[in-house]
Amino acid sequence: MTLATTHNGTGPGPVDAPVAPPKVVRQRRTRPGLLGLAVLLIALGGLGAAFAVTSVRATGSYLAVARSVPVGTALTADDLVSVQVAGGQGLKPVRADRLKEVVGLRAAVALTPGTLLTMGQLTDAPLLGPGQQQVALGLKASQVPARKLYPGDRLLLVSTPERGDDSKAPSTRFEATVIDTNVPDRGDVVLYLALATRDVQPVVVLAAEDRIAVVLVSAA
């Protein structure tokens, strides 16, 4: 398409010159799906930021296991350490300010160093089972079957013959479970054992006669 343009003045006459047609600018259409996706991403970003802030604010002091604690062992303050944990509420660990409440409780499971302590891992129930009684058995260090016995260790108490008895009569055996141990200053070892009620009397008699050998059957 051409249009004639006229110059005013003394110059040449009309000159035919091409004139570009006007450009039509098309309006972009906004897709509803993309708009919804953008809104969703913005919302998720806000939720993520809120969650991060909440986690930081949830940081608190909790109890963690400082060293190995066998099953049945009573906790001491040295077994635990206070640590800072962010968002620990979801794990339900024991707060550090409850230290006095848990000291003295027994480990219901073996506690591993570096793990957070929970109340589900502890118990105040006695290790005595139904139909059992507790006895104390004093032994020399050489009579103990292991360097150290732990609560929950299973023992076998075997009767030994009297001095000068050559009859070779069969020995009597009694199953026992370690509840606790104590080592007095003089070097003897005291075992606190759970025994079946029917076995308590014969074991006490044999212990008084120094006629018991102790065998470790299985460790807790």
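Close Cβ contacts (under 7 Å, 6 or more residues apart or on different chains) running from residues in region 169-180 that are under 16 Å from residue 148 (Cα atoms) and hydroxyl-bearing (Ser, Thr, Tyr) to residues that are open to solvent by 70 Å² or more (accessible area, probe 1.4 Å) and part of a strand (DSSP E or B) comprise 177/154.
State whether the residues of region 85-101 include one that is surrounded by 13 or more Cβ atoms within 10 Å (Cβ to Cβ), out of contact with any Phe, Trp or Tyr (no Cβ under 8 Å at 6 or more places or on another chain), farther than 30 Å from residue 201 by Cβ and of a type in the set (Lys, Arg). Yes - at least one qualifying residue is present in region 85-101. Scanning region 180-220 for residues that are at pLDDT below 85 and of a type in the set (Lys, Arg) gives a single hit, 186.
Residues in region 173-205 that are part of a strand (DSSP E or B) and of a type in the set (A, V, I, L, M, F, W, C): 174, 176, 178, 179, 189, 190, 191, 193, 194, 195, 196. The single condition among (1) in contact (Cβ under 8 Å) with a residue 40 or more places away in the chain; (2) in contact with a helix residue (DSSP H, G or I) (Cβ under 8 Å, 6 or more places away or on another chain); (3) polar (S, T, N, Q) that residue 61 does not satisfy is (1). Would it be correct to say that residue 146 is over 24 Å from residue 204 (Cβ atoms), part of a loop (DSSP other than H, G, I, E, B) and either without any contact (Cβ under 8 Å) to a residue 60 or more places away in the chain or not acidic (Asp, Glu) (or both)? It is false that residue 146 is over 24 Å from residue 204 (Cβ atoms), part of a loop (DSSP other than H, G, I, E, B) and either without any contact (Cβ under 8 Å) to a residue 60 or more places away in the chain or not acidic (Asp, Glu) (or both). Here are some residues: 181, 160, 177. Which one is hydroxyl-bearing (Ser, Thr, Tyr) and over 32 Å from the mean Cα position of the chain (by Cα)? That would be 160, the only listed residue that is hydroxyl-bearing (Ser, Thr, Tyr) and over 32 Å from the mean Cα position of the chain (by Cα). The residues listed here are 172, 177, 123, 160; of these, the one that is surrounded by 13 or more Cβ atoms within 10 Å (Cβ to Cβ) and at pLDDT below 90 is 123.
The rows are residues; the columns are (1) open to solvent by less than 40 Å² (accessible area, probe 1.4 Å); (2) farther than 25 Å from residue 67 by Cα; (3) in contact with a strand residue (DSSP E or B) (Cβ under 8 Å, 6 or more places away or on another chain); (4) among the β-branched types (Val, Ile, Thr).
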{"site": "109", "(1), (2), (3), (4)": "no, no, no, yes"}
{"site": "119", "(1), (2), (3), (4)": "no, no, no, no"}
{"site": "129", "(1), (2), (3), (4)": "yes, yes, yes, no"}
{"site": "148", "(1), (2), (3), (4)": "no, no, yes, no"}
{"site": "153", "(1), (2), (3), (4)": "yes, no, yes, no"}
{"site": "194", "(1), (2), (3), (4)": "yes, yes, yes, no"}
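The values are calculated or read from the model by the stated rules, or taken from the named source; none is laboratory data. Just so we're clear, the structure is a prediction, and the values are computed from it rather than from any experiment. Cβ sites come from the backbone with ideal geometry, for glycine too, and all protein chains shown count toward neighbours. Just so you know, the surface numbers come from the protein's heavy atoms only, side chains and all, with ligands and any DNA or RNA stripped out. Shrake-Rupley method; radii C 1.70, N 1.55, O 1.52, S 1.80 Å.
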